[in-house]
Amino acid sequence: MTTFDETIKLQQPDAQVLIAAYSCGCFPMADPTTGLIDWYSPDPRGVLPLDRFHVPRSLARVVRQERFEIHVDRSFHEVLTQCSRLGQAPEQNWLDPRIMEAVMQLHRMGMAHSVEAWSDGRLVGGLYGISLGGAFFGESMFCRPGDGGRDASKVCLVHLVRRLRDRGYRLLDVQFVNDHLRQFGVVEIPVHEYDQALEEALRTECRFVEPAQTIAGSM
């Protein structure tokens with residue numbers, strides 16, 4: 001596994017910096033207090049084994065009801081914007097405009113994608129992440145319960161895992177583990193195991209969307 005060059009961490013984040021970082025297991029989070037962008041590679045690391053994904057019974061019922069229209073990359077920038085808010089005060093937000101612009105660059109390169117839930121023509125939930133080889137790095141998700149989006153982000157996660165499985169992905173990285181994610185089968189693994197899994201995934205060629213698929217292609 002290539003080490004992430006310390007000098008790169010001092011640069012303004014852009015698409016190439018993010019590719020180098022994620023390929024080495026690092027990811028950025030802005031520190032609103034200092035204005036600096038810090039880089040993390042937690043040990044242990046949170047991952048969702050694609051062959052052990054668990055859908056709680058109540059969520060499975062919601063998925064079967066087909067409450068939402070599910071789309072990929074229909075409104076990526078809006079998903080990114082909503083994830084940057086998440087009801088937090090500005091001083092608590094890790095997803096700042098610098099990181100957002102770098103992620104948008106990746107999206108334009110076909111390497112960052114959103115899975116979105118729509119209801120009555122409105123975006124009511126979604127998630128986004130970065131795709132490199134056979135690895136998908138889940139970054140953030142949101143939902144709008146007040147607009148009919150209850151459980152929308154969870155439904156998007158179900159569709160994400162289906163897509164990753166169908167397209168041969170090897171790794172779904174969720175960075176950190178919390179009680180919300182544990183219900184889906186997320187586990188922590190030592191960083192050396194993660195590095196090995198990442199290296200194997202990066203050697204796998206996968207496509208989140210087909211080349212001919214439009215950027216607003218339906219899932």
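The numbers here are math on the coordinates, done by the rules we state, and not lab data. Because the structure is predicted, anything quoted here is derived from the model rather than measured. As a convention, Cβ positions derive from the backbone with ideal geometry for all residues, glycine included, and neighbour counts pool all protein chains shown.
Note on ASP14 and ASP31: the extension gain reaches 4.4 nm, defined as 0.36 nm multiplied by sequence separation minus the Cα-Cα distance. Averaging the Cα positions of each part gives two centres, and for the range 30-54 and the range 154-189 these lie 13 Å apart. Per residue of the chain, the DSSP helices (runs of n ≥ 4 H) give a summed -39500 (n - 2.57) that works out to -9500 deg cm²/dmol at 222 nm.
Counting DSSP beta bridges with both partners in the chain, what percentage is antiparallel, nearest 5? For the chain, the DSSP antiparallel bridge percentage is about 90. If you add up the charges near HIS54, with Lys and Arg at +1 and Asp and Glu at -1, over every other residue whose beta carbon is less than 13 angstrom from its beta carbon, what do you get? Net charge in that neighbourhood comes out at +3. Among the listed values (i) 37; (ii) 32; (iii) 47, the one computed from these coordinates for percent of Cα pairs over 26 Å apart is (ii). Considering only alpha-carbon pairs that sit under 8 angstrom and 6 or more positions apart, the relative contact order computed for the range 42-202 is 35 percent.
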